[in-house]
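Asker: For reference, the structure I am asking about is given below.
The values are calculated or read from the model by the stated rules, or taken from the named source; none is laboratory data. Model, not experiment: these values are computed from the prediction. Neighbour counts are summed over all protein chains in view; Cβ atoms, including those assigned to glycine, are modelled from backbone coordinates with ideal geometry.
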Amino acid sequence: MLIFFRQPSFYLKYLPFLFAPATNIIGCAICEFSTFKLYELEATSGFEGSLPLLAFSRWLFVAILFALDCHLGVQTKMRPYRADGRSLLKEKIRFAAETATFALVALLFLHVIARPSFLEGLDRFEYNASYMTGIWSMLDAAVIYLVAFPVLAIRRNQRRALGIATIALLCLHLFWTGEKFGGFFAIACIFACAFYDRALSLSFRKTVITGAIMIFVSVALVGTALVANSFINKDNSANYYLPQRIAQQGQLWWKTFSQTHGQAHPEEFCSELKAIIDRKSSTKNNIGSDNGIYRIMYYTAPKSKVDRKLESGSRYTEAGYAVMYYYFGALGPVIYSCCMAALVFLIQNALVRALWTMDPLKMVIFPYFSYACRTGINMFVFHRFTSIAAILSYLYLTIDAIARKSNTPEAHNQTEQSIEELGAPTG
């Protein structure tokens, strides 16, 4: 909270990576200081002493991220639009991408409009298994990476009506298909990055207003989750659902800490390297897997229950720090915080630069990497960084970096100097 008032832009830029530590700690605290049934683990919560190490590790992550951002992060405001030849080409591509994004969202919504999940009584995973299969599943998964186009249209006040219509229709589609939180939060995170520079010079009064707006959005997201759950589980009241849902954010850490008794298993870490090579992207394909969140799920919950969970296309959440504790003991979460803070810093600042320069391909690439990073930290599943899409992205970024370097004045001067040394005219 103190960070928010001192530098609110920091919270906006790194929103998805600051929200998770807070919910992880709160979830662990609920498991530690209350006694109720954790149905996903078939266990009863109670005091185990796991909270201090988790809180310190999460604090270390935020502290390192804050230090890196203060000294090396992007702290400039979005530049005004320049109508040169290169920008005009990008503008045409962005217009095509914004139109295509709206068309895709409209197509997805028309596909499901006659079958709303709240009337079918299905959650998101059951609904997707029934109605969002094949090409529809691929399109539904891809659309979230295109959100930067309508968001930037709103931010730049260019084709704002199209941008607002796209985002509104996408939110309606998400609610229609049983989404409770994740998809809405992903959209909010792109908005936060696109508007983060507005917080660089806020007065105290405007900072308070911004904080109030963010609290309102958070409450609205939670309210949406409660409404969606009420259609699916009519017997579960908010008094039951909300504590369970929050406790889920810390239950895997709590149970792993309880069961390992401080014993590390570094010899089993090789399974993580094998998983990166195997690249099992589908949750169903990871039934019986011994890496990342899947290892912790099987370690902390009955096998039959985990098998059913994965078969439905769903999985538990917040296992990254639990995985590192399982492998390396108390030192694991500390090392993890240092490494992940550096990775998050690089990706989020690259995302901001992509939005600032309005490079169409980078506006897809870096939201993809940001989402992959968030999934990786929370689930300890990093296959998205070695996917075909990621490899093509690395290739494009490498070629782009080489091209930019060759177009710098320094490179041009060095070329002219080399030509002069050969005795040729410089023109």
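Asker: If I ask for residues that are farther than 23 Å from residue 387 by Cβ and of a type in the set (Val, Ile, Thr), which ones from region 91-148 would you list? Don't jump to the end; show me each part of the working.
Answerer: Initial filter on region 91-148 (farther than 23 Å from residue 387 by Cβ): 91-96, 98-99, 102-103, 105-107, 109-123, 126-127, 130-131.
Listed by number, the residues that qualify are 93, 99, 105, 112, 113.
Asker: Separate question: Here is a list: 133, 101. Which entry is within 25 Å of the chain's Cα centre (by Cα), within 21 Å of residue 365 (Cα to Cα) and of a type in the set (S, T, N, Q)? Can you show your working first?
Answerer: Details: 133 fails: within 21 Å of residue 365 (Cα to Cα).
Sole residue among the options that is within 25 Å of the chain's Cα centre (by Cα), within 21 Å of residue 365 (Cα to Cα) and of a type in the set (S, T, N, Q): 101.
Asker: Could you give every pair whose Cβ atoms fall below 8 Å, whose first residue belongs to region 96-110 and is under 16 Å from residue 153 (Cβ atoms), and whose second residue is of a type in the set (Ser, Thr, Tyr), counting only separations of at least 6 or pairs across chains?
Answerer: Every condition considered, the pairs that remain are 98/166; 101/166; 102/166; 105/166.
Asker: Could I ask something else about it? Name every residue in region 367-404 that is over 17 Å from residue 316 (Cα atoms), within 20 Å of the chain's Cα centre (by Cα), assigned to a helix (DSSP H, G or I) and polar (S, T, N, Q), in order of residue number.
Answerer: 370, 386, 393
For (1) touching a strand residue (DSSP E or B) at 6+ places or on another chain (Cβ under 6 Å); (2) at negative phi; (3) not in a helix (DSSP H, G or I); (4) not aliphatic (A, V, I, L, M), each residue gets a yes or a no:
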| site | (1), (2), (3), (4) |
| --- | --- |
| 294 | no, yes, no, yes |
| 313 | no, no, yes, yes |
| 317 | no, yes, yes, yes |
| 326 | no, yes, no, yes |
| 337 | no, yes, no, yes |
| 347 | no, yes, no, no |
| 352 | no, yes, no, no |
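Asker: Pick out the one residue from 258, 282 that is in a loop (DSSP other than H, G, I, E, B) and surrounded by fewer than 18 Cβ atoms within 10 Å (Cβ to Cβ). Outline the logic, then answer.
Answerer: Numbers: 258 fails: in a loop (DSSP other than H, G, I, E, B).
Only one candidate qualifies: 282.
Asker: Quick one: what pairs do we get from region 376-395, first residue within 16 Å of residue 347 (Cβ to Cβ), second basic (Lys, Arg) and in a helix (DSSP H, G or I), C-beta under 7 Å, 6+ apart or different chains?
Answerer: Listed by first residue and then by second, the contacts come to 390/384.
Asker: Still on this model: Pairs under 7 Å by beta carbon, first residue under 15 Å from residue 357 (Cα atoms) and in contact (Cβ under 8 Å) with a residue 12 or more places away in the chain in region 133-160, partner among the charged types (D, E, K, R) and assigned to a loop (DSSP other than H, G, I, E, B), six or more apart or different chains?
Answerer: 153/159
Asker: Could you please find all residues in region 1-36 being of a type in the set (A, V, I, L, M), within 16 Å of residue 63 (Cβ to Cβ) and at pLDDT below 85? Can you show your working first?
Answerer: Let us first name the residues in region 1-36 that are of a type in the set (A, V, I, L, M), namely 1-3, 12, 15, 18, 20, 22, 25-26, 29-30.
Add one more test, that the residue is within 16 Å of residue 63 (Cβ to Cβ), and what stays is 1-3, 18, 20, 22, 25.
Matches in region 1-36: 1, 2, 3.
Asker: Now for a separate question. Residues of region 153-163 being surrounded by fewer than 23 Cβ atoms within 10 Å (Cβ to Cβ) and among the hydrophobic types (A, V, I, L, M, F, W, C), which ones?
Answerer: Answer for region 153-163, where residues must be surrounded by fewer than 23 Cβ atoms within 10 Å (Cβ to Cβ) and among the hydrophobic types (A, V, I, L, M, F, W, C): 154, 161, 162.
Asker: Okay, moving on. Going by the structure shown, is residue 311 under 22 Å from residue 261 (Cβ atoms) and charged (D, E, K, R)?
Answerer: On the way: under 22 Å from residue 261 (Cβ atoms): no; charged (D, E, K, R): yes.
Against the criterion (under 22 Å from residue 261 (Cβ atoms) and charged (D, E, K, R)), residue 311 does not qualify.
Each row is one residue, and each column tells you yes or no for (1) at pLDDT 90 or above; (2) basic (Lys, Arg); (3) part of a helix (DSSP H, G or I); (4) in contact with a strand residue (DSSP E or B) (Cβ under 7 Å, 6 or more places away or on another chain).
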{"residue": "83", "(1), (2), (3), (4)": "no, no, no, no"}
{"residue": "87", "(1), (2), (3), (4)": "no, no, yes, no"}
{"residue": "90", "(1), (2), (3), (4)": "no, yes, yes, no"}
{"residue": "105", "(1), (2), (3), (4)": "yes, no, yes, no"}
{"residue": "125", "(1), (2), (3), (4)": "no, no, yes, no"}
{"residue": "130", "(1), (2), (3), (4)": "no, no, yes, no"}
{"residue": "133", "(1), (2), (3), (4)": "no, no, no, no"}
{"residue": "138", "(1), (2), (3), (4)": "no, no, yes, no"}
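Asker: Hey, could you check region 48-73 for residues that are touching a Cys at 6+ places or on another chain (Cβ under 9 Å) and not hydroxyl-bearing (Ser, Thr, Tyr) and say which is farthest from residue 293 (Cα to Cα)? Outline the logic, then answer.
Answerer: If we filter region 48-73 for residues that are touching a Cys at 6+ places or on another chain (Cβ under 9 Å), which is where we start, we get 48, 50-51, 54-55, 60-61, 64.
From the residues that got through so far, the ones that are not hydroxyl-bearing (Ser, Thr, Tyr) too are 48, 51, 54-55, 60-61, 64.
On the way: 48: 21, 51: 19, 54: 17, 55: 20, 60: 22, 61: 20, 64: 25 Å.
Filtering first and then ranking leaves 64.
Asker: Output the residue which, of all residues in region 158-208 that are basic (Lys, Arg) and not in a loop (DSSP other than H, G, I, E, B), is modelled with the highest pLDDT.
Answerer: So, considering only residues that are basic (Lys, Arg) and not in a loop (DSSP other than H, G, I, E, B), the one modelled with the highest pLDDT is 160.
Asker: With respect to the numbered conditions (1) within 17 Å of residue 382 (Cβ to Cβ); (2) within 16 Å of the chain's Cα centre (by Cα); (3) surrounded by fewer than 21 Cβ atoms within 10 Å (Cβ to Cβ), which one is the sole condition not fulfilled by residue 335?
Answerer: Every listed condition holds for residue 335 apart from (2).
Asker: Something else about it: Checking residue 394 against (1) of a type in the set (Phe, Trp, Tyr); (2) within 28 Å of residue 283 (Cα to Cα); (3) touching a helix residue (DSSP H, G or I) at 6+ places or on another chain (Cβ under 8 Å): exactly one of these is not met. Which one?
Answerer: It fails just one condition, (3).
Asker: Taking the options 153, 142, 97, name whichever one is closer than 24 Å to residue 19 by Cα and among the small types (Gly, Ala, Ser). I'd like the intermediate steps shown before the answer.
Answerer: Working: 153 fails: closer than 24 Å to residue 19 by Cα; 97 fails: closer than 24 Å to residue 19 by Cα.
When all the criteria are applied, what remains is 142.
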